[in-house]
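Heads up, the thing below is written out as structure tokens.
The values are calculated or read from the model by the stated rules, or taken from the named source; none is laboratory data. On a predicted model such as this, the values are computed, not experimentally measured, just so you know. Every residue, glycine among them, receives a Cβ derived from its backbone with ideal geometry; neighbour counts consider all protein chains shown.
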2 protein chains.
Amino acid sequence: MAAYPSQLLEKAVDELSRLPGIGKKTALRFCLYLLRQPEAEAEALGDAIKKMRQGIAYCPDCHNMSDGGLCQVCSDHTRDKSTLCIVESIRDVMAIENTTQYRGIYHVLGGVISPMEGISPSDLNIMTLLERVQTNAIKEFIMALPATLEGDTTSYYLYKKLGETPASFTTIARGIAIGDELEYTDEITLGRSILNRVPYQTVKGK
Amino acid sequence: MAAYPSQLLEKAVDELSRLPGIGKKTALRFCLYLLRQPEAEAEALGDAIKKMRQGIAYCPDCHNMSDGGLCQVCSDHTRDKSTLCIVESIRDVMAIENTTQYRGIYHVLGGVISPMEGISPSDLNIMTLLERVQTNAIKEFIMALPATLEGDTTSYYLYKKLGETPASFTTIARGIAIGDELEYTDEITLGRSILNRVPYQTVKGK
């Protein structure tokens, strides 16, 4: 697309096409859609984007997203502060929160150790994790990092760093996903799920 | 996705997910991307969207988009004002302009007649077209409407309405697209392209 009939349109297309996975054609489609909607809708979208970027803060304790100060999880007095789940990203916190199965707190590392991508322990929120451990009585650390070489390396690094605390260390269960067929599962997952088999339980609830 | 760690994030995701083809997950991806960028980028995006919606005007002559007043085409004195190309939408103007093969002016109908969708001639920019014809000496009307039943109906309706003017009527050529194989072309297009064959020319330039 070369010629735009309006500079305002061209500017909006340019800005929208910076979003991941959005090209000039899709950006133009967005603009033509917005031009057909009431002015208030484009206004609300523009404001929401600006306010989000300006206003979002990060929890000083766990590095989760917040609207300023402590995050929803850390400021919730009903949460179990002695169980700490270590995750890679804010997305992982959202995913675990959506299960409604976890009542402890989190620590967001902001990545995993990856020599290939030049991410070393000092690039991650590990210093603040070690400080938290000093001042809080954590009984259990749950390693909820990705099931990759980098995730495993990071778990091992943290285990060594935190090893002197009297807390227990667990890791989220890996195995066959609910609804999956055994024959289509990769060998490593299937092998691990046999080795780490658990006592048979009848399904309760959900 | 149920729980967002921030209300500002939730609002931005909500607004972005109104865009056509964008769901909550993609909207969240956009937001997390914007949060990783400098604040100025989110600011520029938000402003560009708002300014576009507030500032864009439509050409009083041809209904093309403009930044206020006449559009780029109508205000260009080098354009041939006696050749008028009738198109369905602003997107079609952009597509024809991008070919750089056309030096006349346009008239944007804003749709085509479609009894199925309840679009009648009075819903389109036809009154202003008839007024333009009164005050301008148009020598040729080019019908560049979609090659559909609705497009053909609209062309015929306009031909009847404009038939009393001494201008000539043409329609854009339909046939095999450049690079297309004959064997994969539908019968109607192929049949028409044989009926409407043109004298053989050696390719000049592009």
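Numerical summary
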item	result
Conditions (1) modelled with pLDDT under 90; (2) in the same structural domain as residue A:140 (by TED's automatic domain parsing): number failed by residue A:73	(1)
Any hit, the range A:103-121, residues being acidic (Asp, Glu) and within 26 Å of residue A:173 (Cα to Cα)	no
Verdict on residue A:112 being more than 10 Å from chain B (Cβ to nearest Cβ), within 24 Å of residue A:150 (Cβ to Cβ), in contact with a Ser or Thr (Cβ under 6 Å, 6 or more places away or on another chain) and modelled with pLDDT of 90 or more	yes
Near pairs, Cβ below 6 angstrom, 6+ apart or cross-chain, from the range A:151-165 (in the same structural domain as residue A:86 (by TED's automatic domain parsing)) to any residue that is in a helix (DSSP H, G or I)	A:165/A:133
Search result, residues across the range A:17-56 that are small (Gly, Ala, Ser) and either at the interface with another protein chain (Cβ under 8 Å from one of its Cβ atoms) or surrounded by 15 or more Cβ atoms within 10 Å (Cβ to Cβ) (or both)	A:17, A:21, A:27, A:42, A:44, A:46, A:48, A:55
Residue check, residue A:97 at the interface with another protein chain (Cβ under 8 Å from one of its Cβ atoms), more than 22 Å from residue B:37 (Cα to Cα) and under 22 Å from the mean Cα position of the chain (by Cα)	yes
Qualifying residue in the range B:120-133 (condition: surrounded by fewer than 16 Cβ atoms within 10 Å (Cβ to Cβ), assigned by TED's automatic domain parsing to the domain that holds residue B:169 and under 17 Å from the mean Cα position of the chain (by Cα))	yes
Some residue of the range A:144-166 being under 18 Å from residue A:59 (Cβ atoms), modelled with pLDDT of 85 or more and touching a Gly at 6+ places or on another chain (Cβ under 8 Å)	no
Residue in the range B:62-76 that is nearest to the other protein chains (Cβ to nearest Cβ), counting only those that are surrounded by fewer than 22 Cβ atoms within 10 Å (Cβ to Cβ) and farther than 14 Å from residue A:35 by Cα	B:72
Scope the range A:14-56; condition part of a loop (DSSP other than H, G, I, E, B) and within 25 Å of residue B:63 (Cβ to Cβ); matching residues	A:37, A:38
Hey, residue B:86 among the β-branched types (Val, Ile, Thr) and under 30 Å from residue A:19 (Cα atoms) or not	no
Odd one out for residue A:105 among (1) surrounded by 15 or more Cβ atoms within 10 Å (Cβ to Cβ); (2) out of contact with any Pro (no Cβ under 9 Å at 6 or more places or on another chain); (3) within 29 Å of residue A:186 (Cβ to Cβ)	(3)
Checking residue B:96 against (1) modelled with pLDDT of 90 or more; (2) not in a loop (DSSP other than H, G, I, E, B), the condition it does not meet	(1)
Test: residue in the range B:92-114 that is in contact (Cβ under 8 Å) with a residue 12 or more places away in the chain and at positive phi	yes
Enumeration of residues in the range A:64-86 that are touching a residue at least 40 places away in the same chain (Cβ under 8 Å) and assigned to a loop (DSSP other than H, G, I, E, B)	A:64
Residue A:141, sole failed condition from (1) over 30 Å from residue B:34 (Cβ atoms); (2) touching a Lys or Arg at 6+ places or on another chain (Cβ under 6 Å)	(2)
